[in-house]
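Take a look at the structure below.
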Amino acid sequence: MRLTLQYKIILFITSIIAVVLVGVYLYLNAHLKEHALSRIRANLDKQTAFSQSYINKYYNSKLSIHEYDKVADSIGHDLGLRVTLIDHDGKVLGDSRLDYKELLEVENHLYRPEVQGALKKGVGESRRFSTTVKEDLLYMAKTFGDESDLGIIRLSIPLSEIREVSDSLKRLLTLAFILAFVITIVFSSVASYLIASPIKEMSKVSKDIAGGDFQRKIRITSNDEIGDLAESINFMSKQIRTRFEEETRGKSRLEA
């Protein structure tokens, strides 16, 4: 099958763009989940800091577990996240996902990585499976209160939300690249037509000249190499026609 110049140009341009788009897509796709996690981590850190500031204003070591649990429920409701309040010995004082009975039975949280991080550095973070609520969660914990009576406020978000954000970004990215590829095909088709059209005309006129039709001329529409070539063919045609006419007149005189 013979490919015309126009289709060769389209194929060449779309192939290059396709390779570039696939490369960019694979790179971005590989970093989408980490990007989504970074965004969610940053938001979770801000929400934890806000909750820490809020509870510091109303913190009172004499509060009962019922009252702590109400505080955790209130913050959790406002933020749409799981909120846990823990004392410096690891005892869970309140949890927005647990009722009072479950709260009394929950295990000590002192050696949870995020709790240890908060006690040692003021802030702690971990990603793991929660044996309490049976979900994979991202945890962020910070201390509240004073040095003599520290407590820990911990926020957590299901990792399923991170996957949902990542999948949403992936769908958006796929749609954007499909649209970019379609636009590339359209523009490459227009570009190839603009390039190939005058070349097709020159090819046809050249064949006509070779067949003896010296009256044909190429319309020069561009001031570039293609225009120079068209001008050269027109000049060549004119020269051949002039010589042909001179030879014809010379033969006529000889025959006369």
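Quick look at the values:
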read-out: Residues satisfying the stated conditions in the range 86-129, i.e. of a type outside the set (A, V, I, L, M, F, W, C) and open to solvent by less than 20 Å² (accessible area, probe 1.4 Å); value: G90, G94, D95, H109, E114, G117, G124, S126
read-out: Residues of the range 182-198 that turn out to be under 30 Å from K238 (Cα atoms) and open to solvent by 60 Å² or more (accessible area, probe 1.4 Å), as a count; value: 3
read-out: Every residue from the range 94-133 that is over 23 Å from N43 (Cα atoms) and either assigned to a loop (DSSP other than H, G, I, E, B) or modelled with pLDDT of 90 or more (or both); value: L98, D99, V106, E107, N108, H109, L110, Y111, T131, T132
read-out: Any chance S51 is among the hydroxyl-bearing types (S, T, Y) and open to solvent by less than 40 Å² (accessible area, probe 1.4 Å); value: yes
read-out: Hits in the range 149-158 (condition: of a type outside the set (V, I, T) and either buried (at least 18 other Cβ atoms within 10 Å of the Cβ) or over 17 Å from L79 (Cα atoms) (or both)); value: D149, L150, G151, R154, L155, S156
read-out: Where a residue in the range 184-201 is closer than 27 Å to V19 by Cα and its partner, wherever it lies, is of a type in the set (S, T, Y), with Cβ under 8 Å and at least six apart; value: T184/T14; I185/T14; S188/T14; S192/Y7; A196/T4
read-out: Residue selected from the range 130-148 under the condition more than 16 Å from V83 (Cα to Cα) and not hydroxyl-bearing (S, T, Y), by the criterion surrounded by the most Cβ atoms within 10 Å (Cβ to Cβ); value: G145
read-out: Check on L179, free of Cβ contacts under 8 Å to residues at least 60 places away in the same chain, under 30 Å from Y25 (Cα atoms) and open to solvent by 70 Å² or more (accessible area, probe 1.4 Å); value: yes
read-out: Tally of residues being surrounded by fewer than 16 Cβ atoms within 10 Å (Cβ to Cβ) and more than 11 Å from the chain's Cα centre (by Cα) across the range 17-40; value: 8
read-out: Failed condition for I220, given (1) closer than 28 Å to Y7 by Cβ; (2) part of a helix (DSSP H, G or I); (3) at pLDDT below 70; value: (2)
read-out: Options V83, V71; residue that is without any contact (Cβ under 8 Å) to a residue 24 or more places away in the chain and crowded, with 17+ Cβ neighbours inside 10 Å; value: V71
read-out: Out of K238, K170, sole residue that is at pLDDT 75 or above, under 30 Å from H77 (Cα atoms) and in a helix (DSSP H, G or I); value: K170
read-out: Any hit, the range 127-138, residues being out of contact with any Phe, Trp or Tyr (no Cβ under 7 Å at 6 or more places or on another chain), in contact (Cβ under 8 Å) with a residue 60 or more places away in the chain and within 20 Å of L79 (Cα to Cα); value: yes
read-out: Residue check for V165: open to solvent by 30 Å² or more (accessible area, probe 1.4 Å) and either without any contact (Cβ under 8 Å) to a residue 40 or more places away in the chain or not in a helix (DSSP H, G or I) (or both); value: no
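The values are calculated or read from the model by the stated rules, or taken from the named source; none is laboratory data. Treat the numbers as computed from the prediction; the structure is a model and nothing was measured. As a convention, Cβ positions derive from the backbone with ideal geometry for all residues, glycine included, and neighbour counts pool all protein chains shown. Accessible surface is based on the protein model in full, side chains and every heavy atom, while ligands, DNA and RNA are left aside. Shrake-Rupley method; radii C 1.70, N 1.55, O 1.52, S 1.80 Å.
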